[in-house]
Structures are given as C-alpha cells and as structure tokens.
Amino acid sequence: MGCYKLSPLGGMLAPRMEPSSRPSFNPAGAGFLLASVTFACTGLGALIGWLAGTFGYGVAFGAVVGVPVGVAATVVRYRNV
C-alpha cells in the first residue's frame, strides 16, 4: 500500500524545518520615526499658523495632530516585527 511517502526520518511526519529568522526590532529607529513625524507635523502646523497669523495655535494644533500621526506611522512601519 504505497499511498503515502515516507520522510527520511521514517514515518509520515514532515521533515524538520529550520526556524525562520525574525527581523530585529530597532527601538532607536522607532523613536526617531515617532519624533521626526511628530516634529514634521508640528512644523507644518507652525507654518500654517504663521501664515494665518496665529503661530502659537498652529504649533499647538500641529503637535496635537502630530502625536497620533507619529504613533500611526511607527505602528505601520513596525507592525510585523
């Protein structure tokens, strides 16, 4: 009854597999990404606020928007690590 193939180890078990190497998590890279996206949004908010005549509100709005955007960018980049 040869309806199955035997592995080199014998029996019907699959051959042993090597564990795949996981990509390493770089906390410094994640922190830099978070900070740079947050500062970029804060700078953009400051520029828009300066053009609108309310620099302080622009910085505050840019920071409030920048923190969640920075977190989202970091999560998207390091999702599968």
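The values are calculated or read from the model by the stated rules, or taken from the named source; none is laboratory data. This structure is a prediction, so every number in the text was calculated from the model and none was measured. In this analysis, Cβ positions are derived from the backbone assuming ideal geometry, glycine residues included, and neighbour counts consider all displayed protein chains.
At-a-glance table
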item: Count of segment 44-66 residues which are loosely packed, with under 15 Cβ neighbours inside 10 Å and either hydroxyl-bearing (Ser, Thr, Tyr) or assigned to a helix (DSSP H, G or I) (or both); result: 8
item: Tabulated pairs, segment 22-42, first under 14 Å from Val81 (Cβ atoms), second modelled with pLDDT under 95 and aliphatic (A, V, I, L, M), C-beta under 8 angstrom, 6+ apart or interchain; result: Arg22/Val81; Pro23/Val81; Ser24/Val81; Phe25/Val81
item: Meets criteria (of a type in the set (Gly, Ala, Ser), modelled with pLDDT under 90, part of a loop (DSSP other than H, G, I, E, B) and within 20 Å of the chain's Cα centre (by Cα)) for Ser7; result: no
